[in-house]
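Asker: Below you'll find the structure I mean.
The values are calculated or read from the model by the stated rules, or taken from the named source; none is laboratory data. Computed from a predicted structure; not experimentally measured. Don't worry about glycine lacking a Cβ; one is built from the backbone with ideal geometry, like all the others, and counts go over all protein chains shown.
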């Protein structure tokens, strides 16, 4: 009888461990939203798709995200400098997408690949927290061509924080904190200007706003929120993109900074996260103005916007083969 009870206990323990391993709901934020969403998204694990969309999502998870070669994503970190100025962005983008796909499918092979890529990526982080693809003498905008360095760290943060939130992997959060601490130590009043560290009027570098706010919300560390506010203030530096000011007065995306669509929208996503974290609705109005301008004047029938990666004059929407419509 004792043996039977022991076996029953072991079976229940294994079942609990399996259930815990299959738990694919995100961890709660330590810092709650102060501007709650009108509608909150479900975890991917709580969504069940059918039909055409289901097939497309499954195909993307199995034949794209699971099939992506790992070495090209990691090569720029393992063998600095990377072969392309922004080569380091790819692993963070993949981690973000693959984590959400795993949360939806529960695919064990995809989870195994995620764990392996994160482990290998973290081996490349240096003692001071640096996790980019440049050599020490050419980092953070200190050398021509290094103005995608903060941009790469942005995607590392997005990927690692998404992975942490769905897996609870403490090493990923610690690596993210070290990145955040390095950015705080490098940029800000009396230090290096973040605007000078990124191309497109500084918008490439300041788009790190989004994951810095998420880092604050996941840790509760006010230093990261303070740095996020510095980023917004940096937009008004003499050579800055003046994103809030222009979208509040001009209300036109083609008049904002150099009108580079991808980088501008990345900053606006960060502004939404800052509004959510602080409860300050004033951060939302420039985003609403940009949204209304894009929908009214810059939106193609396909749902994309921009040509050759920039916003142009209202209703200037060419669709010939050389128009380079809609940077993904």
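Asker: Pull up segment 294-328, narrow it to residues that are part of a helix (DSSP H, G or I) and modelled with pLDDT under 95, then point me to the one that is nearest to residue 32 (Cα to Cα).
Answerer: Pass one, segment 294-328, residues part of a helix (DSSP H, G or I): 294-297, 321-323.
Checking the rest, the ones that are also modelled with pLDDT under 95 come to 321-323.
Working: 321: 47, 322: 46, 323: 43 Å.
For segment 294-328, the residue satisfying everything is 323.
Asker: Return the only residue of 17, 66, 5, 74 being surrounded by 10 or more Cβ atoms within 10 Å (Cβ to Cβ), modelled with pLDDT under 95 and over 28 Å from residue 272 (Cα atoms). Full working, then the answer.
Answerer: Working: 66 fails: modelled with pLDDT under 95; 5 fails: surrounded by 10 or more Cβ atoms within 10 Å (Cβ to Cβ); 74 fails: modelled with pLDDT under 95.
One residue alone meets the criteria, 17.
Asker: So in segment 138-179, with the set limited to residues that are in contact with a strand residue (DSSP E or B) (Cβ under 9 Å, 6 or more places away or on another chain) and either surrounded by fewer than 17 Cβ atoms within 10 Å (Cβ to Cβ) or not in a loop (DSSP other than H, G, I, E, B) (or both), which one is modelled with the highest pLDDT?
Answerer: Filtering segment 138-179 for residues in contact with a strand residue (DSSP E or B) (Cβ under 9 Å, 6 or more places away or on another chain) gives 140-142, 150.
Narrowing further to those that are either surrounded by fewer than 17 Cβ atoms within 10 Å (Cβ to Cβ) or not in a loop (DSSP other than H, G, I, E, B) (or both): 142, 150.
Numbers: 142: 68, 150: 97.
So, considering only residues that are in contact with a strand residue (DSSP E or B) (Cβ under 9 Å, 6 or more places away or on another chain) and either surrounded by fewer than 17 Cβ atoms within 10 Å (Cβ to Cβ) or not in a loop (DSSP other than H, G, I, E, B) (or both), the one modelled with the highest pLDDT is 150.
Asker: Answer yes or no: is there a residue in segment 205-215 that is in contact (Cβ under 8 Å) with a residue 24 or more places away in the chain, in the same structural domain as residue 267 (by TED's automatic domain parsing), farther than 14 Å from residue 272 by Cα and assigned to a helix (DSSP H, G or I).
Answerer: yes
Asker: Report whether or not residue 67 is more than 17 Å from residue 152 (Cβ to Cβ) and not in a loop (DSSP other than H, G, I, E, B). Step through it out loud before you land on a result.
Answerer: Details: more than 17 Å from residue 152 (Cβ to Cβ): yes; not in a loop (DSSP other than H, G, I, E, B): no.
Taking the combined requirement at face value, the residue does not satisfy it.
Asker: Also: Just need a number here: residues in segment 294-311 that are crowded, with 17+ Cβ neighbours inside 10 Å and more than 17 Å from residue 266 (Cβ to Cβ).
Answerer: Taking segment 294-311 first, the residues crowded, with 17+ Cβ neighbours inside 10 Å are 294, 297-298, 305-307, 310-311.
Imposing the further condition that a residue be more than 17 Å from residue 266 (Cβ to Cβ) reduces the set to 297, 307.
Total satisfying the criteria: 2.
Asker: Between residues in segment 27-39 that are over 14 Å from residue 275 (Cβ atoms) and not assigned by TED's automatic domain parsing to the domain that holds residue 276 and residues that are modelled with pLDDT of 95 or more and not in a loop (DSSP other than H, G, I, E, B), which pairs lie under 7 Å by C-beta distance while being six or more apart or on different chains?
Answerer: 27/165; 29/217; 29/218; 30/217; 30/218; 30/219
Asker: Please identify the pairs in which a residue from segment 280-293 that is over 14 Å from residue 250 (Cβ atoms) and assigned by TED's automatic domain parsing to the domain that holds residue 246 has its Cβ atom under 7 Å from the Cβ atom of a residue that is modelled with pLDDT of 95 or more and buried (at least 20 other Cβ atoms within 10 Å of the Cβ), counting only partners at least 6 apart or on another chain.
Answerer: 281/275; 283/271; 283/274; 283/275; 284/275; 287/268; 287/271
Asker: When residues of segment 180-194 are filtered for being in contact with a helix residue (DSSP H, G or I) (Cβ under 9 Å, 6 or more places away or on another chain) and either assigned to a loop (DSSP other than H, G, I, E, B) or farther than 18 Å from residue 132 by Cα (or both), how many remain?
Answerer: Step one: of segment 180-194, the residues in contact with a helix residue (DSSP H, G or I) (Cβ under 9 Å, 6 or more places away or on another chain) are 180-184, 186-189, 191-194.
Next cut, either assigned to a loop (DSSP other than H, G, I, E, B) or farther than 18 Å from residue 132 by Cα (or both) only: 188-189, 191, 193-194.
Residues in segment 180-194 being in contact with a helix residue (DSSP H, G or I) (Cβ under 9 Å, 6 or more places away or on another chain) and either assigned to a loop (DSSP other than H, G, I, E, B) or farther than 18 Å from residue 132 by Cα (or both): 5 in total.
Asker: In addition: Going by the structure shown, is residue 109 out of contact with any helix residue (DSSP H, G or I) (no Cβ under 6 Å at 6 or more places or on another chain), in a helix (DSSP H, G or I) and farther than 30 Å from residue 140 by Cα? Walk me through it before giving the result.
Answerer: Working: out of contact with any helix residue (DSSP H, G or I) (no Cβ under 6 Å at 6 or more places or on another chain): yes; in a helix (DSSP H, G or I): yes; farther than 30 Å from residue 140 by Cα: yes.
It is true that residue 109 is out of contact with any helix residue (DSSP H, G or I) (no Cβ under 6 Å at 6 or more places or on another chain), in a helix (DSSP H, G or I) and farther than 30 Å from residue 140 by Cα.
Asker: Then there is this: State whether one or more residues within segment 118-137 are out of contact with any helix residue (DSSP H, G or I) (no Cβ under 7 Å at 6 or more places or on another chain), part of a helix (DSSP H, G or I) and under 23 Å from residue 46 (Cα atoms). Write out each step before concluding.
Answerer: Initial filter on segment 118-137 (out of contact with any helix residue (DSSP H, G or I) (no Cβ under 7 Å at 6 or more places or on another chain)): 119, 123, 126-127, 135-137.
The next check asks that each one be part of a helix (DSSP H, G or I); those that pass are 119.
From what is left, the residues that are under 23 Å from residue 46 (Cα atoms) are none.
No, because not a single residue in segment 118-137 is out of contact with any helix residue (DSSP H, G or I) (no Cβ under 7 Å at 6 or more places or on another chain), part of a helix (DSSP H, G or I) and under 23 Å from residue 46 (Cα atoms).
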